[in-house]
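Accompanying notes for the structure given below.
FYI, it's all coordinate maths here, none of it is from the lab. Everything quoted here is computed from the prediction, not taken from an experiment. FYI the Cβ positions are ideal-geometry reconstructions off the backbone, even for glycines, and counts take in every protein chain you see.
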């Protein structure tokens, strides 16, 4: 199954019919409902799926976007299941369950989740990214900074994993009750959860309740470029426990370009793609309609 995320052509001021018309024009017949859709947009979209002959493959948490308060974070991490503050965790659980309900309403196969992050007082990630862009990835300074980040992350890991497990116990109990699969996604920033080993930790705990691995090709590639883990190491380790993919292009450390656009060789991960996996093109507005149409044709051949 090949789908296209609504993240591609999403705009706050775009009408839902126009959004669906543009998506259908790419040749796609399946959608992933992205995490920026509001409650009114979701309600407008559901009755239009039949009219546009579109089906929903998956839902990306949070969908709908929470509307019970403002978040200081990016909408993809509106509330964190890993938050040390109980109030935020409870909201994260509540709205993740709302996403599960949305997935049930539209007949989706899975809900993709971001598990959270280990919050550091001084996160060196921005500096690490900048040094890579400046061509300093092989320098002792880069290696020292990366080591400092990993050490700081490790020191706080236990506390965050402990509360995240408690959050996921509630989410997975609800998902299992509703017979909905959960895809645990590879993350972009090194402070985010899960890293490559934490994926296995959570799959061991919740795999029997319906949690599987969701591989984001851009996030995996960025991890390799920064020297944390290679995409193939993720895929070799969890190939038999996968449910889906986010597919897009990468240029240096910027992801969400059109598939095949940029300096990332998508072909190297293709052997791990199985027919039963959900495959979602998660390009953003950086990708033109023509690029998406061409990517759809190439991916369908693959």
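Residues 185, 198, 12, 43, ranked from the fewest to the most other C-beta atoms within 10 Å, line up as 12, 43, 198, 185.
So, R0 is 22 Å and r is the distance between the beta-carbons of residue 52 and residue 284; what FRET efficiency does that work out to, to 0.05?
On the way: r = 21 Å, r/R0 = 0.97.
That gives a FRET efficiency of 0.55.
In square nanometres, what is one fourth of the surface area of the convex hull spanned by the alpha carbons of the range 190-261? Intermediate results must be reported in sequence, preceding the final value.
Numbers: hull surface 19.6 nm².
That works out to 4.9 nm².
When each of 298, 241, 89 is scored by the number of other beta-carbon atoms lying within 10 Å, the sequence from fewest to most is 298, 241, 89. Computed extension length for residue 87-residue 177: 30.0 nm, one decimal, from 0.36 nm per residue of separation with the Cα-Cα distance subtracted.
In the range 6-40, whose amide N lies under 18 Å from the spot 7 Å out along Cα-to-Cβ of residue 300? List them in ranges. Only 21-32 fall inside the zone, counting backbone N under 18 Å.
If each DSSP helix of 4+ residues adds -39,500 (n - 2.57) and the sum is divided by the residues in the chain, what number results at 222 nm, nearest 500 deg cm²/dmol? Mind showing how you got there, number by number?
Working: 10 runs with 129 residues, N = 302.
The per-residue figure over the chain is -13500 deg cm²/dmol.
Based on Cα contacts under 8 Å between residues 6+ apart, the chain shows a relative contact order of 18 percent. Subtracting the Cα-Cα distance of residue 138 and residue 18 from 0.36 nm times their residue separation leaves 38.5 nm of extension gain.
Find the centroid of the Cα atoms in the range 122-169 and in the range 223-250, then give the distance between the two in whole Å. Their Cα centres are 18 Å away from one another. Counted by neighbouring Cβ atoms within 10 Å, the residues 246, 284 run from fewest to most as 284, 246.
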